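As structure tokens, the structure follows; a few thoughts come after it.
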Amino acid sequence: MTLDELKRLDPNKIGSWPILPKLGVLLLLLLALVFASYWFDWQDQIAEIDSAKAKEEQLRTSFLAKKKQAVALPAYRKQLADIESQFGALLKQLPGKSEMDALLTDINQAGLGRGLQFELFRPAAQEVRRDFYAELPITVRVTGNYHDIGAFASDIGRLSRIVTLNDIGLTSGKDGLSLDATAKTFRYLDESEISAQKKATKPGAKK
């Protein structure tokens, strides 16, 4: 169909047009309708759909992370129970305030049992307090032969309560070897002591 024939078509008599012009007009109307629908309605819906998809992905990621945590929760609980059990076992190795005298006696007996001579056994005048325990340094000097001093150090390490030997020094003299050391014993603080310590360390606490 030529351009002149298209110009002669009467817009008021579309029904009498040839098939090709009719199809062309219908196609233009369809495109205009699609564009108008997109411009006035569909683009907002598409934006909402994209936002919903992004939110769905975010929720899916969050769900998978929480699912992983939920699956691992029994293992975490068991690990926490094991840690608490180990901590309790270690705590039992720290004597209470009433047991400190017995522990000092055990240290003394460990030396005497090996035939050592105590020249000095002096507990510190004041404990050094930590978060939940206190340590008591004891300055000791014992005299004896090499093997007995070694056995004494080994016996200290095997006591049922925790005792450590620090700042060890050996000197020889006319009576044999002398061991100078700081034996540290530890005890746990009771609830009242821990509470008092927390109050003392709070900002603005009265000293």
Legend entry - Of all residues in the range 116-125 being touching a strand residue (DSSP E or B) at 6+ places or on another chain (Cβ under 9 Å) and over 16 Å from Gly173 (Cβ atoms), the one that is surrounded by the fewest Cβ atoms within 10 Å (Cβ to Cβ): Arg122
Legend entry - Complete set of residues in the range 140-184 that are more than 14 Å from Gly111 (Cβ to Cβ), among the polar types (S, T, N, Q) and in contact (Cβ under 8 Å) with a residue 12 or more places away in the chain: Ser160, Thr164, Asn166, Thr182
Legend entry - First in the range 111-127 and polar (S, T, N, Q), second anywhere and surrounded by 11 or more Cβ atoms within 10 Å (Cβ to Cβ) and not in a strand (DSSP E or B), Cβ under 9 Å, 6 or more apart: Gln117/Gly111; Gln117/Asp175
Legend entry - Filter result for the condition that a residue is surrounded by 10 or more Cβ atoms within 10 Å (Cβ to Cβ) and at pLDDT 85 or above, over Gly150, Gly176: Gly150
Legend entry - Selection within the range 128-139 - assigned to a strand (DSSP E or B) and touching a residue at least 24 places away in the same chain (Cβ under 8 Å): Arg129, Tyr133, Ala134, Glu135, Leu136, Pro137, Ile138, Thr139
Legend entry - Extreme residue, modelled with the lowest pLDDT, among residues of the range 57-104 that are farther than 22 Å from Arg158 by Cβ and among the basic types (Lys, Arg): Lys97
Inset, instruction - Considering only the range 153-168, state which residues are over 12 Å from Leu179 (Cβ atoms), outside any strand (DSSP E or B) and of a type in the set (A, V, I, L, M). - result: Leu159, Ile162
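The values are calculated or read from the model by the stated rules, or taken from the named source; none is laboratory data. All values derive from a computational prediction rather than experimental measurement. Positions of Cβ are generated from backbone atoms using ideal geometry, with glycine treated the same way; all protein chains shown enter the neighbour counts.
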